[in-house]
Amino acid sequence: SRVEAALGEQKQKIRKRGHKFSSSLMQAMREERRARNKRYDSVSNYLEPNLKYGPGGLRDLQQALYVHDLYPHKFETQVSQHSLEVFAQYQRFFLTLRQRLHLLGRGDAVLAADQPELAKWFGYENLREFMREIQNGLSRVSFSIASPDSPRISWNTIDGGIAIASTSSRVRASARAC
């Protein structure tokens, strides 16, 4: 498709610019993520998570997949493949949930007033189970900023500090098509 061709061209341009440019791109992502996490990493985000900007949300998923696309040779392990599958599953879940919120006229946060209706719509027996699944997903796909010797890292470190962590083992395929 035209979009895939354009993205391929962009990747080639980035690679041609060399390691210094790639490093500056990674640094910009780290800084953006730090600022975003500082703003959204709070008790209120735990109770009413922001699916787009909160830690482990869609923006982190997007960046993780972007890093994987830029450096596929760094991620050639079974752990990496499993993490990609987990990311894809939670990306579908979060996008479906976000689309449902938008159909209800809401934003990107799962507000307390909407949680019971959303849990029911997704087929959860109770609200606690639904919110646990959201928090489990956010923590599984969180995009870590860590040192190379961090115990949380399960993927290779790139450019001295970005790693993708997948720490949980449970995935529930509860997202259904809108």
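For the reader, a short list of remarks on this structure follows.
- Using θ = phi - 60° and Karplus 6.51 cos²θ - 1.76 cosθ + 1.60, couplings along the range 94-111 (whole Hz; Gly, Pro as x): 5, 5, 5, 5, 5, 4, 4, 4, 5, 5, 7, x, 9, x, 9, 8, 8, 6
- Nearby lysines by direct alpha-carbon distance to Lys52 (threshold 20 angstrom, same-chain neighbours under 8 apart not counted): Lys38
- Working note: Karplus 6.51/-1.76/1.60 with θ = phi - 60° gives the range 22-39 the couplings 4, 5, 5, 5, 5, 4, 4, 5, 4, 5, 4, 5, 4, 5, 5, 5, 4, 6 Hz, where Gly and Pro are set to x.
- Here the Karplus relation 6.51 cos²θ - 1.76 cosθ + 1.60, evaluated at θ = phi - 60°, turns the backbone of the range 80-92 into coupling constants of 4, 5, 4, 4, 4, 5, 4, 4, 4, 5, 6, 5, 4 Hz, with x for every Gly and Pro.
- Taking a straight line from the alpha carbon of Lys13, these aspartates and glutamates sit under 20 Å away, with near neighbours fewer than eight places off in the same chain left out: Glu4, Asp69, Asp159.
No lab work stands behind these numbers, since they all come straight from the coordinates. Predicted, not measured: the structure shown is a model, and the values here were computed from it.
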